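Read the structure below first, then the notes.
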Amino acid sequence: MTIDINAKEWFDKRNGNSYFCGIITLNYGMKNEETFLMPYQYGYGSEYENEAKGVLTFANKISPNYETLYTYCKRENIILRSNIKRGCKKSELKQIEKDYDKNLVKAI
């Protein structure tokens, strides 16, 4: 199994808050590839990885526990690739949600 997390972060200079949005892909490039949305939300640092773990746990793709996603993947021999692009515009984060919704509708 592989887990790929691709997120973008926007910093609201006016209020001093960071927000992120992203896509989680399980088994990238394989026949059983699945994607999940991490919607636009408040968070900074590695919070996007914590959110990814929550999304995958909620979808019953990984087991719930109290360790980090990195530790869980290491223990379970899951390949984890995670990145966040900082300094993005708010519109870029909103576009991730729009694109995800469009692709979801096409799949139905």
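Only the coordinates and a few stated rules stand behind these numbers; no lab work does. In this text, all values refer to a predicted model and were calculated from it rather than measured experimentally. Heads up, the Cβs are rebuilt from the backbone with ideal geometry, glycines too, and the neighbour counts pull from every protein chain shown.
Computed quantities for the displayed model
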read-out	value
Members of segment 37-50 that are surrounded by 18 or more Cβ atoms within 10 Å (Cβ to Cβ) and assigned to a strand (DSSP E or B)	MET38
Failed item, numbered, when CYS73 is tested on (1) in a helix (DSSP H, G or I); (2) free of Cβ contacts under 8 Å to residues at least 60 places away in the same chain	(2)
Conditions (1) in contact (Cβ under 8 Å) with a residue 40 or more places away in the chain; (2) surrounded by 17 or more Cβ atoms within 10 Å (Cβ to Cβ); (3) farther than 19 Å from LYS98 by Cα: number failed by TYR19	(3)
Residue satisfying condition, being outside any strand (DSSP E or B), surrounded by 13 or more Cβ atoms within 10 Å (Cβ to Cβ), touching a helix residue (DSSP H, G or I) at 6+ places or on another chain (Cβ under 6 Å) and not small (Gly, Ala, Ser), within set LYS53, LYS61	LYS53
